[in-house]
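Notes follow the structure.
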Amino acid sequence: MELRGGNLCFLYLFSVFFIFSVFLAQSFKQDEEQVQRSQFPDGFFFGTSTSSYQVEGAYLEDGKGLSNWDFFTQIPGKIADDDNGEVADDHYNRYLEDIELMHSLGTNAYRFSVSWARILPDGMLGSVNPRGIIFYNKLIDNLLSKGIEPFVTIHHHDLPQVLEQRDGGWLSPVLREEFVHFTSICFESFGDRVKYWVTINEPNMMAKFAYLKGLYPPAHCSPPFGNCSTGNSDIEPLIGMHNMLIAHAMAVEMYRTFFWPKQNGFIGIVAHAFMYEPLRDEERDRDAVDRALAFNVAWTFDPVVYGDYPAEMRHCHGLELPRFSAKEKQLLRGSIDFIGVNHYSTLYVKDCIHSPCPSGGDRPIMGFLNTTGYRDGVPIGEPTGLDDFFLVPRGMEKIIDYVKQRYNNMPMFVTENGCTLQTQENELEDGDRINFHKSYLASLARAISGADVRGYFVWSVMDNFEWINGYTKRFGLYYVDRETLERTPKLSAGWFASFIRNNSHNDREEIRAASGHNKTIIFSQLEAKVAEM
């Protein structure tokens, strides 16, 4: 009996030692993969991102008009849990508190967008709402007082609903003039302090979700991409994108002519940029990767750098792809000072020219390709809380290299990067989110050795209204209680603050202190495992 008891004791001690050894091995492995602030150049921007509809709330306060999203979210079934952004994070009334959160992280930049409906409720046929101007002036002034550089996006998906109803939204050329008028007010009102401007956020995604799949307002689509009451998925995305690109170029010309001589700012555009890899080790899938990048990333950037659409798109679409006039090409060419990349994930690509594909992959609007996150049932990377978003850090380095090579190493910013977790339980101890940012930043650190990348923005500073997912998906460094709207730092907030302070060891005590946690995730897990024995 004594021998048996000794064996049991030995096995228990060995098990505890084994678990602790695994913990140490994982810690050492993480240490080997650590990324440090010192790997990035002096003057590099580390910031956070939001957009007006997703965080501001106050949807009818102080003279704001209805936006397309205010209208769209009232349609039953369009948004998860039938939620909306009427209150959102109440950033409109809590912006001082939120600036303090950013300041506590140590960030030196904040990317936010201006609500078109808050500035011009009735478009250019109406008057400017002075209280909207006052709000953004206060936001900008208080950011600068804390040493936080404002990066202002002029249009981030939301526009006055009247422009949809009266003009037809981005399907109408009238929106070009409307947009230029709106941008002129922004430049005149804020440009003496704002040095970094984004004209339009993700026009490629807006075209896809608003006019191809019908998931964003005005919800246009046609089979096989969706069953909307109106729309043409094969043509309308091209028209909407065409108008957005020309509107961008017109606004930039106006800025450079009338405002830049005194304001000396920089202006760019942002694209949603997946990276892609061939599903099969075959030439046709490698060619499909080239098309996927052209139909997504280059669709936005080729016109504003070179003055025309990618040759890959022209080859697939033929005469259906709109043409730029000679004057428009001249306006477009060189109409950005920097490139903004919203990068979250990498997907596999399968050719649909020589292979059968369902769900519209065999159509020109899709580039004759299908994308997937799985090969033979195995995900391309660790899944996250969204179907097409996987943890694939190598994609960051690859997409930066693609943009660098295609656009002669223009200045770049990673204007969004982040993840939502697979489970919403215990959001405060978000170790997976830490691993996500750590691994993507490590990949970015490798990329900048040869690429002119000047900033990295976390999406998002706090949980917010995630478009059609409502509040069911959380990307924030700060947890927002939906009942009280109280902001609570997650473990990832502590890690990001520690990283920015250039704590090369990412000391867990410092992370815990910065996050307000009493325990670290790993030690909690270790205690639980030992308790189960």
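The table below gives the values:
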{"quantity": "Residues located in the range 211-225, provided they are open to solvent by 40 Å² or more (accessible area, probe 1.4 Å) and under 16 Å from Asn469 (Cβ atoms)", "calculated": "Lys213, Leu215"}
{"quantity": "Residues (closer than 22 Å to Pro76 by Cβ and either touching a Cys at 6+ places or on another chain (Cβ under 7 Å) or surrounded by fewer than 23 Cβ atoms within 10 Å (Cβ to Cβ) (or both)) located in the range 191-210", "calculated": "Phe209"}
{"quantity": "Qualifying residues in the range 120-151 (those that are among the β-branched types (Val, Ile, Thr) and in a helix (DSSP H, G or I)) - the one farthest from Thr73 (Cα to Cα)", "calculated": "Ile140"}
{"quantity": "One residue from Tyr136, Tyr92, Tyr53, Tyr59 being crowded, with 20+ Cβ neighbours inside 10 Å, without any contact (Cβ under 8 Å) to a residue 40 or more places away in the chain and either at negative phi or within 24 Å of the chain's Cα centre (by Cα) (or both)", "calculated": "Tyr59"}
{"quantity": "Residues located in the range 41-50, provided they are in contact with a Phe, Trp or Tyr (Cβ under 9 Å, 6 or more places away or on another chain) and open to solvent by 10 Å² or more (accessible area, probe 1.4 Å)", "calculated": "Phe45"}
{"quantity": "Meets criteria (within 30 Å of Asp452 (Cα to Cα), open to solvent by 80 Å² or more (accessible area, probe 1.4 Å) and modelled with pLDDT of 95 or more) for Arg333", "calculated": "yes"}
{"quantity": "Failed item, numbered, when Cys228 is tested on (1) assigned to a helix (DSSP H, G or I); (2) touching a strand residue (DSSP E or B) at 6+ places or on another chain (Cβ under 6 Å); (3) open to solvent by 30 Å² or more (accessible area, probe 1.4 Å)", "calculated": "(1)"}
{"quantity": "Top-ranked residue in the range 152-166 [being assigned to a helix (DSSP H, G or I) and over 14 Å from Gly126 (Cα atoms); ranked as most open to solvent (accessible area, probe 1.4 Å)]", "calculated": "Gln165"}
{"quantity": "Filtered residue count, the range 230-279, keeping only those that are within 29 Å of Pro393 (Cα to Cα) and β-branched (Val, Ile, Thr)", "calculated": "3"}
{"quantity": "Selection count, the range 297-319, where residues are part of a loop (DSSP other than H, G, I, E, B) and either at pLDDT below 95 or open to solvent by 20 Å² or more (accessible area, probe 1.4 Å) (or both)", "calculated": "1"}
{"quantity": "Any hit, the range 443-466, residues being farther than 25 Å from Ala80 by Cβ, small (Gly, Ala, Ser), modelled with pLDDT of 95 or more and open to solvent by 20 Å² or more (accessible area, probe 1.4 Å)", "calculated": "no"}
{"quantity": "Residues of the range 392-434 that turn out to be open to solvent by less than 60 Å² (accessible area, probe 1.4 Å), of a type outside the set (A, V, I, L, M, F, W, C) and over 30 Å from Tyr309 (Cα atoms), as a count", "calculated": "6"}
{"quantity": "Checklist (1) open to solvent by 50 Å² or more (accessible area, probe 1.4 Å); (2) not in a helix (DSSP H, G or I) applied to Gly268, failing item", "calculated": "(1)"}
{"quantity": "Number of the condition not met by His343 [criteria: (1) touching a residue at least 24 places away in the same chain (Cβ under 8 Å); (2) within 27 Å of Pro223 (Cβ to Cβ); (3) open to solvent by less than 10 Å² (accessible area, probe 1.4 Å)]", "calculated": "(2)"}
{"quantity": "Condition met for Thr384 (closer than 27 Å to Val35 by Cβ and open to solvent by less than 50 Å² (accessible area, probe 1.4 Å))", "calculated": "yes"}
{"quantity": "Residue in the range 71-85 that is of a type outside the set (Ser, Thr, Tyr), modelled with pLDDT of 95 or more, closer than 28 Å to Pro393 by Cα and part of a helix (DSSP H, G or I) present", "calculated": "no"}
{"quantity": "Of all residues in the range 354-369 being in contact with a Lys or Arg (Cβ under 9 Å, 6 or more places away or on another chain) and in a loop (DSSP other than H, G, I, E, B), the one that is most open to solvent (accessible area, probe 1.4 Å)", "calculated": "His354"}
{"quantity": "In the range 95-128, the residues that are open to solvent by 10 Å² or more (accessible area, probe 1.4 Å), over 22 Å from the mean Cα position of the chain (by Cα) and either more than 24 Å from Leu485 (Cα to Cα) or of a type in the set (Lys, Arg) (or both)", "calculated": "Pro121, Asp122, Met124, Leu125, Gly126, Ser127, Val128"}
{"quantity": "Scan of the range 481-517 for residues that are surrounded by fewer than 23 Cβ atoms within 10 Å (Cβ to Cβ) and at pLDDT 95 or above, ordered by number", "calculated": "Asp481, Arg482, Glu483, Thr484, Leu485, Glu486, Arg487, Thr488, Pro489, Ala497, Ile500"}
{"quantity": "Cβ-Cβ under 7 Å pairs, at least 6 apart or on other chains, the range 452-471 side within 30 Å of Gln405 (Cβ to Cβ) and of a type in the set (A, V, I, L, M, F, W, C), far side open to solvent by 10 Å² or more (accessible area, probe 1.4 Å) and part of a helix (DSSP H, G or I)", "calculated": "Val453/Ala447"}
{"quantity": "Test result for Pro322, open to solvent by less than 10 Å² (accessible area, probe 1.4 Å), touching a helix residue (DSSP H, G or I) at 6+ places or on another chain (Cβ under 6 Å) and either more than 20 Å from Thr183 (Cα to Cα) or not small (Gly, Ala, Ser) (or both)", "calculated": "no"}
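So that you can scan it fast, the table gives a plain yes or no per residue for (1) farther than 30 Å from Pro150 by Cα; (2) at pLDDT below 50; (3) touching a Lys or Arg at 6+ places or on another chain (Cβ under 7 Å):
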| position | (1), (2), (3) |
| --- | --- |
| Arg4 | yes, yes, no |
| Leu13 | yes, yes, no |
| Phe23 | yes, yes, no |
| Ser27 | yes, yes, no |
| Gln36 | no, no, no |
| Gln39 | no, no, no |
| Gly57 | no, no, no |
| Leu60 | no, no, no |
| Gly63 | no, no, yes |
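The values are calculated or read from the model by the stated rules, or taken from the named source; none is laboratory data. Every value quoted in this text rests on a predicted model; they were computed, and no experiment measured them. Every residue, glycine among them, receives a Cβ derived from its backbone with ideal geometry; neighbour counts consider all protein chains shown. Note: areas computed on protein heavy atoms with side chains; ligands, DNA, RNA excluded. Shrake-Rupley method; radii C 1.70, N 1.55, O 1.52, S 1.80 Å.
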